[in-house]
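Written below as structure tokens is the structure these notes are about.
Read the figures in this text as sums done on the coordinates, not as results from a lab. Remember, it's a predicted structure, so these values are computed and weren't measured experimentally. No Cβ is skipped: glycine too gets one built from the backbone with ideal geometry, and neighbour counts run over all protein chains shown.
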Amino acid sequence: MSKLLISVESLEVNLKKLISNHEALKVEYNHLKAEFDSRSTRVSELNSELERLQHENKTLKTANAMLGSTEYKRETKLKINSLIKEIDTCIIQLAE
């Protein structure tokens with residue numbers, strides 16, 4: 001009988017440890033999930049900011065080229081040619 005009692009007590013101790021570990025892991029999981037969500041939001045914000053800055057940079061390069069800067073002259077010519085082709089396409093479509 002005492003052997004059974006010792007086994008039950010041992011099982012009870014192990015079960016309490018297991019429950020305690022489980023609770024600690026739940027707390028850690030919730031903390032990590034909150035941190036992950038926060039960082040995911042930050043990554044999204046930074047990606048949006050990056051896209052905005054890239055667009056702004058492209059716009060500024062074009063503006064510099066149009067102001068006579070020789071550094072972006074080739075890009076400006078390509079952009080103007082692209083716009084002319086688009087206009088020609090529109091004119092052709094309107095003529096049909």
With axes computed from alpha carbons, what is the tilt in degrees of helix 73-95 against the longest principal axis of the chain, rounded to the nearest 10 within 0 to 90? 80 degrees
May I have the count of lysine pairs in the chain with C-alpha atoms under 23 Å apart, counting pairs 8 or more residues apart or located on different chains? 14
Take 96, 28, 75 and order them by how many other Cβ atoms sit within 10 Å, fewest up front. 96, 28, 75
Sort 48, 2 by Cβ crowding within 10 Å, fewest neighbours at the top. 2, 48
So what is the calculated 222 nm ellipticity per residue for the chain, using -39500 (n - 2.57) for each DSSP H run with n of 4 or more, over all residues, to the nearest 500 deg cm²/dmol? -34000 deg cm²/dmol
Using square roots of five times the C-alpha gyration tensor eigenvalues, list the equivalent-ellipsoid semi-axes of the chain in whole Å, biggest first. 72, 18, 9
Kindly express, to the nearest 10 degrees and within the range 0 to 90, the angle between helix 2-66's C-alpha long axis and the longest C-alpha principal axis of the chain. 10 degrees
Point-charge dipole on Cβ atoms (K/R +1, D/E -1) for segment 2-95, about Cα centre, debye to 20: 280 debye
